[in-house]
Amino acid sequence: MATMRPFVIVNCAMTPDGKIAGRSRRQVRISSREDAERVQSLRTSSDAILVGVGTILADDPHLTVKGAAPTKTLLRVVLDSKGRTPENARVLDGSAPTLIVTTEECSKTWKRVEVLRCGIGRVDLRILLTELYRQGVRRLLVEGGGEVIWSFFAGGFVDRYCVFVGKMIIGGSTSPTPADGEGFPDEETIPLELVEVTRLGDGVLLSYEVVRDD
Ligand SMILES: NC(=O)c1ccc[n+]([C@@H]2O[C@H](COP(=O)([O-])OP(=O)(O)OC[C@H]3O[C@@H](n4cnc5c(N)ncnc54)[C@H](OP(=O)(O)O)[C@@H]3O)[C@@H](O)[C@H]2O)c1
């Protein structure tokens, strides 16, 4: 029987030259106002939102739904194998339930958050997704960064990929892209089906479904 896991949506914003941040890895505002609004409703319709510790260290995001009082609680999930999330990170502010996912070797604890240890060396996504499903997470929103998105693709865990293409060039061979990591061998790719193209202000939202053999 197939293991039950949440439906996984990857969402990010990139430039037309395929970058999601500047070469110093600092955040660049790529989304239009309309896209930022869409992201808020995407968060509202999700049960959990996930980022890697690289994004926590670079952007220090809050990962909550802004504006009106949310109708349900969004679980914030951080992948952090070595316990690098600083105690003063915004994601640890106690304003929403938060789960730091680390490895069995990491003994670090944080105030105000739950810690899940799964995997050796690096967080094991398969174990994590099974656990999130067990905890009631049915829609998981993965917001980055490039290394984490790559791992979700590489593991075959992405169901929908939404990328907003903004209107500036960042350039640079070291600037992060939507799917960094090691990449597949040349002959291997992940096939996608384009399911929606929407203009949002000065940019375009591309939505894809991952094509599966089974
Ligand atoms: N434009 C956008 O939409 C957008 C959105 C988010 C972020 N960003 C940008 O993306 C950049 C950060 O991306 P990043 O690639 O450096 O970091 P990241 O993907 O946020 O985090 C990567 C880190 O997560 C940890 N991790 C734990 N388990 C993992 C697993 N199974 N697979 C992959 N990573 C795992 C690893 O650190 P440990 O080994 O220490 O655990 C890894 O180095 C920043 O520049 C940020 O501004 C852009």
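List of remarks:
- Check on T189, out of contact with any strand residue (DSSP E or B) (no Cβ under 8 Å at 6 or more places or on another chain), farther than 15 Å from V210 by Cα and of a type in the set (S, T, N, Q): no
- Odd one out for V204, checked against (1) surrounded by 12 or more Cβ atoms within 10 Å (Cβ to Cβ); (2) of a type in the set (V, I, T); (3) closer than 27 Å to R5 by Cα: (3)
- The residue of region 57-114 that is farthest from I127 (Cα to Cα), among those that are near the ligand (Cβ under 9 Å from one of its atoms), open to solvent by 40 Å² or more (accessible area, probe 1.4 Å) and assigned to a loop (DSSP other than H, G, I, E, B), is R84.
- Those residues of region 174-193 which are among the β-branched types (V, I, T), over 19 Å from T15 (Cβ atoms) and out of contact with any helix residue (DSSP H, G or I) (no Cβ under 6 Å at 6 or more places or on another chain), in sequence order: T189
- Here I190 fulfils each of the conditions (1) surrounded by 13 or more Cβ atoms within 10 Å (Cβ to Cβ); (2) in contact (Cβ under 8 Å) with a residue 60 or more places away in the chain; (3) more than 15 Å from the ligand (Cβ to nearest atom); (4) part of a loop (DSSP other than H, G, I, E, B) apart from (2).
- Region 159-187: number of residues that are part of a loop (DSSP other than H, G, I, E, B), within 16 Å of the ligand (Cβ to nearest atom) and of a type outside the set (A, V, I, L, M): 15
- Of the residues making up region 156-187, those that are open to solvent by less than 30 Å² (accessible area, probe 1.4 Å) and within 19 Å of A48 (Cβ to Cβ) are F157, V158, D159, Y161, C162.
The values are calculated or read from the model by the stated rules, or taken from the named source; none is laboratory data. Owing to the predicted nature of the structure, the values given are computational and were not obtained by experimental measurement. Please note: Cβ atoms are built from the backbone with ideal geometry, for glycine as well, and neighbour counts cover all protein chains shown. These area figures cover heavy atoms from the full protein model, side chains too; ligands, DNA and RNA do not enter into them. Shrake-Rupley method; radii C 1.70, N 1.55, O 1.52, S 1.80 Å.
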